[in-house]
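Report on one structure; see the data block that follows.
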Amino acid sequence: MNIVFMGTPDFAVPSLRMLLDEGYHVVAVVTQPDRPQGRKRVLKPTPVKEVAAEYGIPVLQPQRLRSPEAVAELAAYKPDLIVTAAYGQILPKAVLDMPANGCVNVHGSLLPKYRGGAPIQRCIIGGESETGVTLMYMAEGLDTGDMISRVKVAIADEDTSGTLFDKLSIAGAALLKEQMPRLIAGRVQAEVQDEQQATYAPNLKREDEKIDWSRAARDIYNQIRGLVPFSGAFCFWNGEVFKVWASRKSDAASKEAAPGTVLQLTEQGIEVKTGDASLWLTRIQPSGKKQMEAGEFVRGNTMAPGTVLE
């Protein structure tokens with residue numbers, strides 16, 4: 001059976017490696033175009049492209065998968081099954097209809113909850129204690145296809161989006177491995193999603209990263225860890241962006257102060273008043289600087305108790 005794999009980031013790598021290591025006939029890999037990285041803007045291949053190169057698999061990188069040229073190039077490989085995992089583009093109907101055994105997707109949530117492009121970040125920001133992976137048939141709607149199988153994964157209180165990505169990518173590869181014999185044999189009875197239970201996880205925007213200190217400490221804590229290691233959360237100090245990469249909840253009783261007020265600065269970090277309590281900032285990044293432990297920042301900067309972080 002000819003299999004085409006579509007994926008882009010590290011999340012997709014375990015699923016691709018599983019298919020190749022198990023001996024499935026992956027005839028081509030489709031991934032996003034190389035993007036410039038770093039200050040020197042050097043073009044960097046996607047993690048999935050790097051794995052494909054290891055195994056000598058042909059790689060397609062269309063700017064727009066829905067273009068007639070891209071569809072024709074893909075059709076030349078005569079796929080019987082298309083497997084996707086965090087590819088990053090919506091598959092047009094011409095591609096969805098191409099393989100006889102369908103297009104399946106390894107999605108990082110327990111569908112129908114958290115449909116969309118940022119399910120892992122959004123479930124942490126939303127304070128969930130459990131998520132998972134859904135293997136599903138792809139349809140024209142946004143993650144609306146019938147569900148083949150699901151696996152649950154607990155979210156630890158210290159998990160960030162980065163650690164949860166790793167957990168779910170491994171769980172997704174294991175789920176795909178379990179279901180591949182059925183997918184190839186065509187013996188799959190998929191479950192229709194309950195639209196009444198559907199929620200959405202759109203891609204994150206700049207406003208999702210801005211800290212509102214009037215919110216509860218727990219909500220801000222979840223926001224910060226949900227944005228690590230990608231963008232980080234931010235506020236403003238002296239009119240400049242002040243990023244927060246790690247925090248911990250305070251055990252002390254809340255003090256009287258306006259939200260955003262710096263209560264104290266110690267080797268432990270920076271204690272900031274929130275809407276209901278306070279939060280210790282433990283890893284930060286002032287504008288124009290690298291990330292650093294908050295204790296290091298406290299030793300060398302002029303921020304003082306009473307400062308208000310906007």
What is the number of the single condition among (1) exposed (fewer than 14 other Cβ atoms within 10 Å of the Cβ); (2) outside the structural domain of GLY102 (by TED's automatic domain parsing); (3) modelled with pLDDT of 95 or more that GLU178 does not meet?
(2)
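Looking at LEU135, is it in contact with a strand residue (DSSP E or B) (Cβ under 6 Å, 6 or more places away or on another chain) and not in a loop (DSSP other than H, G, I, E, B)?
Details: in contact with a strand residue (DSSP E or B) (Cβ under 6 Å, 6 or more places away or on another chain): yes; not in a loop (DSSP other than H, G, I, E, B): yes.
Yes; evaluated as a whole, the condition is true for this residue.
Taking into account only those residues within the stretch 233-259 that are among the small types (Gly, Ala, Ser) and modelled with pLDDT of 95 or more, which is nearest to LEU279 (Cα to Cα)?
So in the stretch 233-259, the residues among the small types (Gly, Ala, Ser) come out as 233, 239, 246-247, 250, 252-254, 257-258.
The next check asks that each one be modelled with pLDDT of 95 or more; those that pass are 233, 246-247.
On the way: ALA233: 14, ALA246: 10, SER247: 7 Å.
Among those residues, the one meeting the criterion is SER247.
Evaluate the following for SER149: is it assigned to a strand (DSSP E or B), polar (S, T, N, Q) and within 18 Å of GLN193 (Cβ to Cβ)? Working first, answer last.
On the way: assigned to a strand (DSSP E or B): yes; polar (S, T, N, Q): yes; within 18 Å of GLN193 (Cβ to Cβ): yes.
Judged against the criteria, SER149 is a match.
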Go through the residues of the stretch 106-125 one by one and say whether even a single one is at pLDDT 95 or above, touching a Lys or Arg at 6+ places or on another chain (Cβ under 8 Å), among the hydrophobic types (A, V, I, L, M, F, W, C) and assigned to a loop (DSSP other than H, G, I, E, B).
yes
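Find the residue count for the stretch 29-55, including only residues that are within 15 Å of ASP10 (Cβ to Cβ) and either under 20 Å from the mean Cα position of the chain (by Cα) or outside the structural domain of GLU73 (by TED's automatic domain parsing) (or both).
Our first condition is that a residue be within 15 Å of ASP10 (Cβ to Cβ); within the stretch 29-55, this holds for 29, 31-32, 35, 37, 44-52, 54.
Pick out the ones that are also either under 20 Å from the mean Cα position of the chain (by Cα) or outside the structural domain of GLU73 (by TED's automatic domain parsing) (or both) and you get 31-32, 35, 37, 44-51.
Matching residues across the stretch 29-55 total 12.
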When both residues are 6+ apart or on different chains and their Cβ atoms are under 8 Å apart, which pairs have a first residue that lies in the stretch 71-94 and is part of a helix (DSSP H, G or I), and a second that is among the β-branched types (Val, Ile, Thr)?
VAL71/VAL95; LEU74/VAL4; LEU74/VAL30; LEU74/VAL95; ALA94/VAL71
If we keep only residues of the stretch 257-276 that are under 22 Å from GLU296 (Cβ atoms) and acidic (Asp, Glu), then the residue surrounded by the most Cβ atoms within 10 Å (Cβ to Cβ) is GLU271
Hey, among the residues in the stretch 186-202 that are outside any helix (DSSP H, G or I) and polar (S, T, N, Q), which one's farthest from LEU81 (Cα to Cα)?
THR199
In this structure, is SER67 of a type outside the set (A, V, I, L, M, F, W, C) and buried (at least 21 other Cβ atoms within 10 Å of the Cβ)?
no
With the requirement that a residue be in contact with a helix residue (DSSP H, G or I) (Cβ under 6 Å, 6 or more places away or on another chain), within 19 Å of LEU183 (Cα to Cα) and touching a residue at least 60 places away in the same chain (Cβ under 8 Å), what does the stretch 102-141 give you?
VAL106
The one condition in (1) in contact (Cβ under 8 Å) with a residue 40 or more places away in the chain; (2) within 33 Å of the chain's Cα centre (by Cα); (3) part of a strand (DSSP E or B) that PRO259 fails to fulfil:
(3)
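Which residues, taken from the stretch 142-161, are surrounded by 16 or more Cβ atoms within 10 Å (Cβ to Cβ), in contact (Cβ under 8 Å) with a residue 40 or more places away in the chain and within 26 Å of LEU91 (Cα to Cα)? Give the derivation first.
First, the residues of the stretch 142-161 that are surrounded by 16 or more Cβ atoms within 10 Å (Cβ to Cβ): 143-150, 153, 155, 159-161.
With in contact (Cβ under 8 Å) with a residue 40 or more places away in the chain added as a condition, the list becomes 144-148, 150, 159-161.
Answer for the stretch 142-161, where residues must be surrounded by 16 or more Cβ atoms within 10 Å (Cβ to Cβ), in contact (Cβ under 8 Å) with a residue 40 or more places away in the chain and within 26 Å of LEU91 (Cα to Cα): THR144, GLY145, ASP146, MET147, ILE148, ARG150, SER161.
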How many residues does the stretch 1-40 hold that are in contact with a strand residue (DSSP E or B) (Cβ under 9 Å, 6 or more places away or on another chain), part of a loop (DSSP other than H, G, I, E, B) and over 22 Å from ALA70 (Cα atoms)?
2
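Select from the stretch 271-293 the residues that are of a type outside the set (Asp, Glu), over 18 Å from SER231 (Cα atoms) and touching a strand residue (DSSP E or B) at 6+ places or on another chain (Cβ under 6 Å) and list them in ascending order. Steps first, please.
Start the filter on the stretch 271-293 by keeping residues that are of a type outside the set (Asp, Glu), which leaves 272-275, 277-292.
Going one step further and asking which of them are over 18 Å from SER231 (Cα atoms), we end up with 272-275, 277-280.
If the condition is that a residue be of a type outside the set (Asp, Glu), over 18 Å from SER231 (Cα atoms) and touching a strand residue (DSSP E or B) at 6+ places or on another chain (Cβ under 6 Å), then VAL272, LYS273, SER278, LEU279, TRP280 are the ones that fit.
The values are calculated or read from the model by the stated rules, or taken from the named source; none is laboratory data. Since we're looking at a predicted model, the values are computed, not measured. Please note: Cβ atoms are built from the backbone with ideal geometry, for glycine as well, and neighbour counts cover all protein chains shown.
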